[in-house]
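Chemist: Below is a structure I'd like to ask you about.
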Ligand code: UDP
């Protein structure tokens, strides 16, 4: 991946913003940060780290990114953690706790923790700290998921590990659990990199080439969801929305684009369910990285879409939404998690609660191109002001200064 310097962002965010970042960075120059998560590919956290780590290095930080090593046994357990912490009524057995702790212990021995600040992402590696002898470094747990409706059995198990950290980072104020209020807490919504393969400007001919490659017509309306195949992303609900839209606008095509994340064992099962529900409809295109869909393809699909939908039932933040808004594509999305921070109802897209409402708004945007354009323009502006990587880097530097200086 190409490395960018801060100067490359001047044209997008302005000189003053860059100068502020440079000033903060000069105060922490040479400090080292270790990021730890559970996958190098697929999903929002990998996307964030892939972009943030190289940029933080260019401003003088010594940053490393380490990924937990574990077997499918561990990821089956941690996917249950993920689901339960987002509200599913699942059982937590002693055997599951043992698997979780055992892989955390193994990784605590294996990974390299030499840094001034250790940033541990999400529940999978949260117990690493328990198995380390602490030095002078500071430990931060960065939670990317929506804990509002966390299953109490899972939260009670995880909480003691979380309480050991020096700082906690959440994407939204509402995700901070009552019993964590006395901790050092930072709010830091995620971000996208406007210069990455996924988000950089691309030409019309590149877009057409991609559409042709996957046999999607550029002449007919395109409705797209970019998301892992996962129950919370509700791909089956997206097909229901599409079918209602299709009654009104028969030419509509649906793109369901989803990468298969290495730490998500449910991907295949939900991909299969989605293919079955699509039932051979030639206008439904179900595409994954297995068909060669990478960052550039996602970029092209988000740009070519008439409307992007995000039908999530729970959503930590929803980087796919940010990416679509940045490209000036209007978004119809559910009122959940971090989505309302991005989709301002009637301004950058529409917030909906039901399949019927989603279909109605998608249909409206397809029928009124000027409306889509207005929403798209506002969406791009909203992302520019709030959700770009430069703001995120500034937040990181501030955390560093607050915890270490
Ligand atoms: N993504 C991708 N290819 C796909 C599907 C998703 O690159 O086929 C990316 C998407 O562009 C976004 C990330 O995966 O950058 C998903 O992040 P989000 O916050 O929306 O959801 P998460 O997967 O973290 O729950």
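The values are calculated or read from the model by the stated rules, or taken from the named source; none is laboratory data. These numbers were taken from a predicted model, which means no experiment stands behind them. In this analysis, Cβ positions are derived from the backbone assuming ideal geometry, glycine residues included, and neighbour counts consider all displayed protein chains.
Chemist: Among the residues of segment 343-360, is there at least one that is over 23 Å from residue 242 (Cα atoms) and touching a strand residue (DSSP E or B) at 6+ places or on another chain (Cβ under 6 Å)?
Modeler: Checking segment 343-360: not a single residue is over 23 Å from residue 242 (Cα atoms) and touching a strand residue (DSSP E or B) at 6+ places or on another chain (Cβ under 6 Å).
Chemist: Which members of segment 146-156 meet the condition of being farther than 14 Å from residue 180 by Cα, buried (at least 16 other Cβ atoms within 10 Å of the Cβ) and at pLDDT 95 or above?
Modeler: Passing the criteria: 151, 154.
Chemist: Any idea which residue in segment 100-121 is surrounded by the fewest Cβ atoms within 10 Å (Cβ to Cβ), counting only those that are out of contact with any helix residue (DSSP H, G or I) (no Cβ under 6 Å at 6 or more places or on another chain) and in a loop (DSSP other than H, G, I, E, B)?
Modeler: Within segment 100-121, the match that is surrounded by the fewest Cβ atoms within 10 Å (Cβ to Cβ) is 112.
Chemist: Would you mind finding the one in 325, 341 that is more than 9 Å from the ligand (Cβ to nearest atom), touching a residue at least 24 places away in the same chain (Cβ under 8 Å) and surrounded by fewer than 21 Cβ atoms within 10 Å (Cβ to Cβ)? Full working, then the answer.
Modeler: Numbers: 325 fails: surrounded by fewer than 21 Cβ atoms within 10 Å (Cβ to Cβ).
The unique qualifying residue is 341.
Chemist: Please go through segment 32-67 and give me each residue that is more than 13 Å from the ligand (Cβ to nearest atom) and part of a loop (DSSP other than H, G, I, E, B), ordered by number.
Modeler: Scanning segment 32-67 gives 59, 60, 61.
Chemist: Related question: For segment 269-320, enumerate the residues that are on the phi < 0 side of the Ramachandran plot, in contact with a helix residue (DSSP H, G or I) (Cβ under 6 Å, 6 or more places away or on another chain) and part of a loop (DSSP other than H, G, I, E, B).
Modeler: Once the filter is applied, which keeps residues that are on the phi < 0 side of the Ramachandran plot, in contact with a helix residue (DSSP H, G or I) (Cβ under 6 Å, 6 or more places away or on another chain) and part of a loop (DSSP other than H, G, I, E, B), segment 269-320 yields 306, 311, 312, 313, 314, 315.
Chemist: Also: Go through 338, 316 for me and flag whichever is within 16 Å of the chain's Cα centre (by Cα) and modelled with pLDDT under 95.
Modeler: On the way: 338 fails: modelled with pLDDT under 95.
So the residue among 338, 316 that is within 16 Å of the chain's Cα centre (by Cα) and modelled with pLDDT under 95 is 316.
Chemist: Is it true that some residue in segment 85-95 is within 14 Å of the ligand (Cβ to nearest atom) and within 18 Å of the chain's Cα centre (by Cα)?
Modeler: Within segment 85-95, the subset within 14 Å of the ligand (Cβ to nearest atom) is 85-86.
Within this subset, residues satisfying the condition of being within 18 Å of the chain's Cα centre (by Cα) are 85-86.
The answer is yes; a qualifying residue exists.
Let's see how each residue does on (1) within 12 Å of the ligand (Cβ to nearest atom); (2) crowded, with 21+ Cβ neighbours inside 10 Å:
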| position | (1), (2) |
| --- | --- |
| 243 | no, no |
| 251 | no, no |
| 261 | yes, yes |
| 271 | yes, no |
| 276 | no, no |
| 298 | yes, yes |
| 314 | yes, yes |
| 332 | no, yes |
| 337 | yes, yes |
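Chemist: Out of curiosity, is residue 287 within 16 Å of the ligand (Cβ to nearest atom), touching a strand residue (DSSP E or B) at 6+ places or on another chain (Cβ under 6 Å) and closer than 16 Å to residue 228 by Cα?
Modeler: Judged against the criteria, residue 287 is a match.
Chemist: With the checklist (1) away from the ligand (no atom under 15 Å from the Cβ); (2) within 18 Å of residue 47 (Cβ to Cβ) in hand, flag the one item residue 347 doesn't pass.
Modeler: (2)
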